[in-house]
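Below you'll find the structure, written out as structure tokens, and then a few comments.
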Ligand code: BGC
């Protein structure tokens, strides 16, 4: 037995993070036993674990140990700036014991107590450098740099960049809180003279951004500034602090201009004059908090795959993959020479194309100082696959260029492999969508003049995001951001978080992220402490809708507010962006779901009054919904795929109406040529609604469709990420003339959650995967599927593969200390303990999926179907071709009079068996 992945608050060896409580996590692998008998966590003040400061004792039946020190009256209270070491010992039910390696966590300095002063350049510049020299005179034992800067900062000690993260201090609502980082600095200090330098750029704080109102820059402030304290502890135990103050100097810096959207102009030839700094007492210290954001790092490096010379005479690098980050190049230019690159997502007419990035210039202009070195931008990033390069000379060496993919440091936890190459490409595209858009905040897209934390995109993608990567700390910080916005608006959740550019409006399916994301986080990661922290935001949002409802006479229908509807769906009458489904229906469905989930969260947290309240509310909304949207006999008033999918997915139907709804949904899909026509809202739940209600085959059909509109249509056209619109690129390769064509918008990537939940059939039945549902739903057209998920409880595997002789092999892995409910298509259903399981069975009869909604032409082209038709309704075989356009139901109604109903039913019944 081994213990791995030891984490504090889900972070490996955290240094300087904000912590109100401590959650200890770990995973047990290679165990003899099946269950934990007890676990014991010990924390020490020293690396040898001899000065124990906390001992949990033997805790039976633990999952994540939570140690909430705020409530602790005696004993261990972690001290600021201190590093603690810890380990965990586990005994399993076979009597074996294992002890983890020693891990650590280090506390930040006191958040609001600073000796350093906020300082800024005297002149207002787009970018500047603040610096000072200082001496150290003895050998150094320990050094820490506590620092923040606004908008963005990079800090250098003796010419070397401190830390390997970028775009610090990250993106959040700077009015509400300011994050500072902690860096280990002892290795970088020199005995004698040292030089500390802080570079500042606009970033989100002061930069240009998309806005619906007048103000489109300086949203949070107009002055670049920094605050820092460098603690140096010498061998003799004395500590000195080098703090930002009026003794610092400032200069313009080599960055002439930097903006997130536009890129950077860097000139290494500039002679820079020394200036004084000014102190900004008005900035205060109240907003300062130890960091919550995980670091943005270079997570992958991609080399160009080809160099393209275009008819226009352009020189373009193709990196073969759409992504976000920047390109670093090896400078060989003589002094004073300038080169430039521009980032783009797609070629048009085999030439460079930039228009879909709208006003974002996405360039990097560099003037060389003649030194050979790697050069990169600092206070910007790009969403791109292609790079137009100019001024690099005639002889381009591809090895001189490398794309550095930037995103918040998260490890991949989900791995999918199927027997279908195009589906594998789709899965990769969705993963790259996350890699490109998880840059401190989950953004809609990484390339054009937008890149904002759109809440709707987050809401639909969060489930996929949590499968693909360990995203718990990332979303924890984002939900904290969201709550800061809610606090300012009496519970309202704005369109984008942080609310950099939009007013106070809300929208169903967007703002509901406040409820849906916390619940998903809880189920996926099982941390009750996080749920507790986020519950206030859930409740505040739900109570907002309820207040709006009250203004309308407590009808339990969400009439108020203006919504995005089923954004970008294809069923809107005049191509309207908000789609073809009644907005109030969508809003009320979400109102219902919010009430259900908030009641569940209240139950976990034992807030019994809320449980009763919200359950009652959910019941009333459901009744009102049914009164408003269903006819007496069960027809749904909104006749769209999205409306049916939502109602089926959320369970908003009356007992007994289900079948009719499913049939109608199927018909709607068949009428649309067997394709979806859903937007942001419907797409996220369409396949799940089908698989949940016996139409798994149709769900697979949607996954596997290759014609427009479908996921694989994009793959066929060479997509390497997910597009904003189903038809962002037209079949001839041209961009959709309607505009708004991001080629890296992850929202429709929500399909990957369906692949895990239904294809592989894995779900947490209890929070944190303590109890696992495994119910694979195979489909022959995919050949095989393997899903592996590194859950909070350990590795979960579910796979299947079609074999010869019409057999199928299922295999699963259930991690230590969990149980799984295993359900196979043949009806096998059992509860199993941790271990590996294998089954070879007859492949489930898949059927052809025929029923009353199948197009008659399809039936007539199938031999078996013709045979059945010949038996039960031979007339059909003799109808002229031009009269059989339509589905079976429609044609049969034309052909048979009422008395033949029985005949018709029999025919459908037999066809379904095929
Ligand atoms: C964004 C979307 C967002 C939508 C809302 C767009 O501009 O890119 O992803 O959800 O607006 O209407």
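The values are calculated or read from the model by the stated rules, or taken from the named source; none is laboratory data. All of these numbers come straight from a predicted model, not from anything done at the bench. For neighbour counting, all protein chains shown are included, and Cβ atoms are generated from backbone atoms with ideal geometry for every residue, glycine included.
For the range 572-609, enumerate the residues that are surrounded by fewer than 21 Cβ atoms within 10 Å (Cβ to Cβ), in contact (Cβ under 8 Å) with a residue 60 or more places away in the chain and away from the ligand (no atom under 16 Å from the Cβ). If the condition is that a residue be surrounded by fewer than 21 Cβ atoms within 10 Å (Cβ to Cβ), in contact (Cβ under 8 Å) with a residue 60 or more places away in the chain and away from the ligand (no atom under 16 Å from the Cβ), then 582, 600, 604, 605, 607 are the ones that fit. Filtered by the rule that a residue be without any contact (Cβ under 8 Å) to a residue 24 or more places away in the chain and part of a strand (DSSP E or B), the range 819-838 gives 829, 830, 831, 832.
Would you say residue 793 is over 24 Å from residue 674 (Cα atoms), surrounded by 21 or more Cβ atoms within 10 Å (Cβ to Cβ) and within 16 Å of the ligand (Cβ to nearest atom)? Considered against the rule, which asks whether it is over 24 Å from residue 674 (Cα atoms), surrounded by 21 or more Cβ atoms within 10 Å (Cβ to Cβ) and within 16 Å of the ligand (Cβ to nearest atom), residue 793 comes out as no.
Within the range 781-791, track down each residue that is outside any strand (DSSP E or B) and at pLDDT 95 or above. Steps first, please.
Start the filter on the range 781-791 by keeping residues that are outside any strand (DSSP E or B), which leaves 781-783.
Selection gives 782, 783.
Looking across the range 570-583, the residues that are under 19 Å from residue 511 (Cα atoms) and in contact with a helix residue (DSSP H, G or I) (Cβ under 8 Å, 6 or more places away or on another chain) come down to 579, 581, 582.
The conditions of being assigned to a helix (DSSP H, G or I), within 16 Å of the ligand (Cβ to nearest atom) and out of contact with any strand residue (DSSP E or B) (no Cβ under 8 Å at 6 or more places or on another chain) are not met by residue 538. Take residue 568 and decide whether it is more than 16 Å from the ligand (Cβ to nearest atom) and either within 24 Å of the chain's Cα centre (by Cα) or at pLDDT 95 or above (or both). It is false that residue 568 is more than 16 Å from the ligand (Cβ to nearest atom) and either within 24 Å of the chain's Cα centre (by Cα) or at pLDDT 95 or above (or both). Among residues that are under 29 Å from residue 383 (Cβ atoms) and either away from the ligand (no atom under 16 Å from the Cβ) or surrounded by fewer than 20 Cβ atoms within 10 Å (Cβ to Cβ) (or both), residue 668 is not included. Do we find a residue being closer than 19 Å to residue 536 by Cβ and either modelled with pLDDT of 95 or more or surrounded by fewer than 16 Cβ atoms within 10 Å (Cβ to Cβ) (or both) anywhere in the range 616-638? Within the range 616-638, one or more residues are closer than 19 Å to residue 536 by Cβ and either modelled with pLDDT of 95 or more or surrounded by fewer than 16 Cβ atoms within 10 Å (Cβ to Cβ) (or both).
For the range 293-302, the criterion of being surrounded by fewer than 20 Cβ atoms within 10 Å (Cβ to Cβ) and closer than 15 Å to residue 388 by Cα is satisfied by no residue at all.
With the range 645-731 as the region, which helices (runs of 4 or more DSSP H) entirely inside it contain at least 1 residues that are under 22 Å from residue 454 (Cβ atoms)? Before you say what the answer is, go through the steps one by one.
Values: elements: 658-671, 680-692, 696-704, 711-716.
In the range 645-731, the matching helices (runs of 4 or more DSSP H) lie at 680-692, 711-716.
Looking at the range 732-766, which of the residues that are in a loop (DSSP other than H, G, I, E, B), under 30 Å from residue 343 (Cα atoms) and touching a strand residue (DSSP E or B) at 6+ places or on another chain (Cβ under 9 Å) is nearest to the ligand (Cβ to nearest atom)?
Let us first name the residues in the range 732-766 that are in a loop (DSSP other than H, G, I, E, B), namely 732-734, 736-745, 760-761, 765-766.
Still in the running and under 30 Å from residue 343 (Cα atoms): 732-734, 736-745.
Retained after the next criterion (residues that are touching a strand residue (DSSP E or B) at 6+ places or on another chain (Cβ under 9 Å)): 733-734, 736, 741-744.
Details: 733: 23, 734: 21, 736: 14, 741: 10, 742: 6, 743: 12, 744: 11 Å.
Here the residue is 742.
Among the conditions (1) out of contact with any helix residue (DSSP H, G or I) (no Cβ under 9 Å at 6 or more places or on another chain); (2) within 15 Å of residue 118 (Cα to Cα), the only one that residue 186 does not satisfy is (2). Yes or no: residue 769 more than 16 Å from the ligand (Cβ to nearest atom), closer than 21 Å to residue 522 by Cα and modelled with pLDDT of 95 or more? The answer is yes for residue 769. Among the residues of the range 252-276, the ones that are over 39 Å from the mean Cα position of the chain (by Cα) and outside any loop (DSSP other than H, G, I, E, B) come to 2 in all. When only residues in the range 405-442 that are part of a loop (DSSP other than H, G, I, E, B) and either modelled with pLDDT under 95 or under 30 Å from residue 780 (Cα atoms) (or both) count, which is nearest to the ligand (Cβ to nearest atom)? Among residues in the range 405-442 that are part of a loop (DSSP other than H, G, I, E, B) and either modelled with pLDDT under 95 or under 30 Å from residue 780 (Cα atoms) (or both), the one nearest to the ligand (Cβ to nearest atom) is 413. Apart from one condition, residue 307 fits all of (1) loosely packed, with under 13 Cβ neighbours inside 10 Å; (2) in contact with a helix residue (DSSP H, G or I) (Cβ under 8 Å, 6 or more places away or on another chain); the exception is (1).
Within the range 177-208, restricting attention to residues that are in a strand (DSSP E or B) and surrounded by fewer than 19 Cβ atoms within 10 Å (Cβ to Cβ), which residue is farthest from the chain's Cα centre (by Cα)?
To start, the set of residues in the range 177-208 that are in a strand (DSSP E or B) comprises 178-184, 192-201.
Filter once more, keeping what is surrounded by fewer than 19 Cβ atoms within 10 Å (Cβ to Cβ): 184, 192-193, 195.
On the way: 184: 30, 192: 46, 193: 45, 195: 39 Å.
Among them, the one singled out is 192.
Only one of the listed residues (101, 115, 135, 106) is modelled with pLDDT of 95 or more, more than 34 Å from the chain's Cα centre (by Cα) and more than 16 Å from residue 246 (Cα to Cα). That residue is 135.
All conditions in (1) surrounded by fewer than 19 Cβ atoms within 10 Å (Cβ to Cβ); (2) touching a helix residue (DSSP H, G or I) at 6+ places or on another chain (Cβ under 7 Å) hold for residue 717, with the sole exception of (2). Are any residues in the range 319-343 buried (at least 20 other Cβ atoms within 10 Å of the Cβ) and either in contact with a helix residue (DSSP H, G or I) (Cβ under 7 Å, 6 or more places away or on another chain) or more than 22 Å from residue 405 (Cβ to Cβ) (or both), and if so, which ones? Within the range 319-343, 322, 323, 324, 329, 333 meet the criteria.
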